[in-house]
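**Q** Here it is: the structure, laid out below.
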Amino acid sequence: MRLKEIINPPPHEGYLKNSSMLVTALFIIGGIVYYPTQGYGTVIALVIALMVLVGQKLLLSQIKKDFADIYFAKKQFEESNNKEYLEFIIARSSQILQDNKVLSQKAKKELKQLQQYASSMLPK
């Protein structure tokens, strides 16, 4: 991995809301509390910022896997016409929308479109 890839910010709108404002605020708080806490407050603020970044990375990798699974199910349905794939799309996308509170508007819109596709293809 090159340094330029590490330094570049994430895309403007991915699947998750951007946490850079929170991390920046934690850096500023760390700078402000450095002298009153003799550096301990800064360490705490930086550890929290690191936890936010690692958490975002974990969530992003999980949501990418979930989207890949959903799109694979859609592809499999189109090839085999097996209705269980549609049920999986609806169930998984509903669970993602319910469980993940940091989804971007793009991700929510994409999941709702996938749900509509699956619902329209299911026999009534």
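The values are calculated or read from the model by the stated rules, or taken from the named source; none is laboratory data. Note that the coordinates shown come from a computational prediction; the quantities given were computed from them, not determined experimentally. Because the Cβ atoms are built from the backbone with ideal geometry, glycine has one as well, and the counts that use them run over all protein chains shown. Ligands, DNA and RNA are excluded from the accessible area calculation, which covers all protein heavy atoms including side chains. Shrake-Rupley method; radii C 1.70, N 1.55, O 1.52, S 1.80 Å.
**Q** Which residue fluctuates most in the GNM of the chain (Cα springs below 10 Å): 96, 70, 32?
**A** Per the Cα network of the chain with a 10 Å cutoff, 32 tops the list.
**Q** Give me the base-10 log of I(q)/I(0) for the chain at each q in 0.09, 0.16 Å⁻¹, Debye formula, one uniform scatterer per Cα, rounded to two decimals.
**A** -0.39, -0.84
**Q** Now for a different question. Given a 1.4 Å probe, how much area per residue of region 29-68 is accessible, in Å²? If you can, show how the numbers build up before the last one.
**A** Working: 2860 Å² over 40 residues.
With the other protein chains kept in place, region 29-68 gives 71 Å² per residue.
**Q** Right, next: Can you work out the PRE-style zone for residue 102? Point 7 Å along Cα to Cβ, and I want the residues of region 35-52 with backbone N under 19 Å.
**A** 44-52
**Q** For the pair residue 60 and residue 116, how long in nm is the line joining their label points, each one 7 Å along Cα→Cβ?
**A** Rounded to a tenth, the inter-label distance reads 2.8 nm.
**Q** Round to a whole number: what % of the accessible area of the chain belongs to carbon and sulfur, probe 1.4 Å?
**A** 62 percent
**Q** Of 23, 33, 102, which has the largest mean-square fluctuation in a 10 Å C-alpha GNM of the chain?
**A** Fluctuation is largest for 33.
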